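The values are calculated or read from the model by the stated rules, or taken from the named source; none is laboratory data. Please read all numbers here as calculations on a predicted model, not as lab measurements. No Cβ is skipped: glycine too gets one built from the backbone with ideal geometry, and neighbour counts run over all protein chains shown. For the accessible areas, the whole protein counts, side chains as well, though only heavy atoms, and no ligand, DNA or RNA atoms are used. Shrake-Rupley method; radii C 1.70, N 1.55, O 1.52, S 1.80 Å.
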Amino acid sequence: MKIPKRLQPLVEDGLIDEVIRPLMSGKEAAVFVVRCGDEIRCAKVYKEAAKRSFKQAVLYQEGRKVRNSRRARAMEKGSKFGRDQQESAWQNAEVDALYRLAAIGARVPTPYGCFDGVLLMELVTDDDGDVAPRLNDVSMSAEQAREDHAVVMEYVKLMLCAGLVHGDLSEFNVLVDAYGPVIIDLPQAVDAAANNNARKMLDRDVRNMTEYYGQYAPDLLDSRYAAEMWSLYEEGKLTPETELTGHFADPEGEADVDSVVAEIRAVLEEEAARQERLRDAEEED
């Protein structure tokens, strides 16, 4: 196929030997299957900010630290240099998250580096060597749903132990290979300690996954993993070795009406977002 303009420099530098075919195009990036030496990998080409449809990006960027003070000032002012640095920070956030999560034991695609807005990483495949399906395209038994849900909750826990919340976790951002779920798409991962929206995003991530697996195993819908994890995290008791139960009892006291209303609104917002993801997935297919 004709080499896309954004991939041409990587071909010229010998990082990519062949662009085999396009894989998908989403709201934030286009992904291509490429050959690097003897290995088949994927190249994720991030779209420019003006062409991305990822909404409320500012909520995800809150709390991200920029060590270089000049860059930080430029990003605050919104100058061209600052916008370029903001883009670089957005792209590098995924690379950083992939390395951190792989190191702590969460299954994510192996990253091979980000070059001029192009992330090279492992192509997750099935037993036949074909691209692994998204969770949304997989059906399963109740037993398998419980098993895979437990695995995903373990990965969410490991993310939180690493100080991260995925922020956009759903059945569309999980691949399934012969060994189980693989978490993908992390440019919006947030700093759990520094982002004021982290708890809300954790709740949403867990709710998305629980509701999906709950289609096959309804008993999962009564679990409260997000509340359990966040409570342990706030107390400094959450570790990679922590065994989660999915149970959590609210502290005794008066009902927090504002929290209940906020949760209802969050559910309605997420349902609207889910419908949008379904439309996006249909367009990609």
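The table for this structure:
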read-out	value
Gap separating the Cα centres of the range 180-230 and the range 2-27, nearest whole Å	33
Residues Ala249 and Ala142, FRET efficiency given R0 of 30 Å [Cβ-Cβ distance, rounded to 0.05]	0.70
Compactness index (Cα Rg / 2.2 N^0.38 Å), the range 1-48	1.06
Distance between modelled label sites at Tyr179 and Phe115, nm, 7 Å Cα→Cβ extension	2.6
Members of Lys44/Lys237; Lys5/Lys27; Lys5/Lys157 lying beyond 28 Å, as alpha-carbon distances in this model show	Lys44/Lys237; Lys5/Lys157
Distance between modelled label sites at Ile104 and Leu221, nm, 7 Å Cα→Cβ extension	3.1
Ile20 accessible area, assembled protein chains, probe 1.4 Å, Å²	60
Cα-projected label distance for Thr239 with Glu12, points at 7 Å along beta-carbon direction, nm	5.2
